[in-house]
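The values are calculated or read from the model by the stated rules, or taken from the named source; none is laboratory data. Just so it is clear, the structure is predicted and the values come from calculations on it, not from any experiment. Here the Cβ positions follow ideal geometry from the backbone for every residue, glycine too, while neighbour counts run over all protein chains shown. The protein model used for the area step is the full one, side chains on, heavy atoms only, and it has no ligands, DNA or RNA in it. Shrake-Rupley method; radii C 1.70, N 1.55, O 1.52, S 1.80 Å.
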Amino acid sequence: MSDSRVLVVFFSRTGTTRVLASTLAGMLSADLEEICDLTERSGASGYLRCLADSWRKRPAEIVPAGLDAAQYDLVVVGTPVWAGAVSAPVRTYLFENRSKFRHVAFFCSFGGLGSQAVFDEMRTLAGRAPVAQCEVRAGEVQRGAVAASLALFVSDLKRHLADYEALEWIC
Ligand SMILES: Cc1cc2nc3c(=O)[nH]c(=O)nc-3n(C[C@H](O)[C@H](O)[C@H](O)COP(=O)(O)O)c2cc1C
């Protein structure tokens, strides 16, 4: 792998996005950070809270990030899709760290609907276009088909990192 520093950041309510994030971190030799949400989201009332946050495009209160995004060449951010929107904790993370990003990439886990709207929202929140994006269905994660689903995304990211390194070397 390259000398570039890569950070994978994610939120996961039920573990699906966590599987993707930890697999990606391994494939990219990246640091890994889980966003800690201060809102109770378990059970039926927690589910409704997620829906309400999504409908209102409301941010969530989160624990401040432990790793400094400004120290990384690439920050890869992952979220579950909630009602066709970014999860509220990732909404907060992207907005709070937008000035620190050099390059970003996005991934999401979902049931099958709404990923493009999520990527559009992430791009607006981060204030920049992603170098690559990847959607993975929760069913694929449950079947253990994650590495195959992420292979193209990872090879795109590695190509971009190699390009930046070549550019920095020339400059
Ligand atoms: C409140 C809520 C809303 C959801 N809305 C959608 C949706 O609009 N489209 C979709 O494909 N999946 C939707 N899902 C399914 C999740 O995106 C999917 O199960 C995801 O993999 C969960 O990730 P996690 O286990 O990391 O929390 C929703 C799940 C929740 C909890």
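Relative to the current alpha-carbon distance between Ala162 and Leu38, full extension at 0.36 nm per residue lengthens the span by 40.9 nm.
Packing, taken as the mean count of other beta carbons within 10 Å per residue, orders the peptides 118-126, 104-112 from highest to lowest as 104-112, 118-126.
Applying Stokes-Einstein at 25 °C and 0.890 mPa s to the Kirkwood radius of region 74-140, computed over alpha-carbon pairs, gives a translational diffusion coefficient of 211 µm² s⁻¹. Phi angles of region 31-45 translate, via the Karplus equation with coefficients 6.51, -1.76, 1.60 and θ = phi - 60°, into HN-Hα couplings of 6, 10, 9, 9, 6, 9, 8, 8, 9, 6, 10, 7, x, 5, 5 Hz per residue; Gly and Pro are given as x.
The charge dipole of region 13-90, taken about the Cα centre with unit charges on the Cβ atoms of Lys, Arg (+1) and Asp, Glu (-1), comes to about 480 debye, rounded to the nearest 20. Amide H contacts of Glu135 (H built 1.01 Å from N, in plane; Pro and chain starts excluded): Cys108 sit under 5 Å, all sequence-distant by 5 or more or on other chains.
Normalised by 2.2 N^0.38 Å, where N is the number of residues, the C-alpha radius of gyration of region 6-170 stands at 0.99. Round to a whole number: what % of the accessible area of the chain belongs to carbon and sulfur, probe 1.4 Å? Here carbon and sulfur together make up 53 percent of the probe-accessible area. Computed 3J(HN,Hα) for region 128-141, one whole-Hz value per residue from the Karplus formula 6.51 cos²θ - 1.76 cosθ + 1.60 where θ = phi - 60°, is 7, 7, x, 6, 6, 9, 8, 10, 9, 6, 4, x, 5, 5, glycine and proline marked x.
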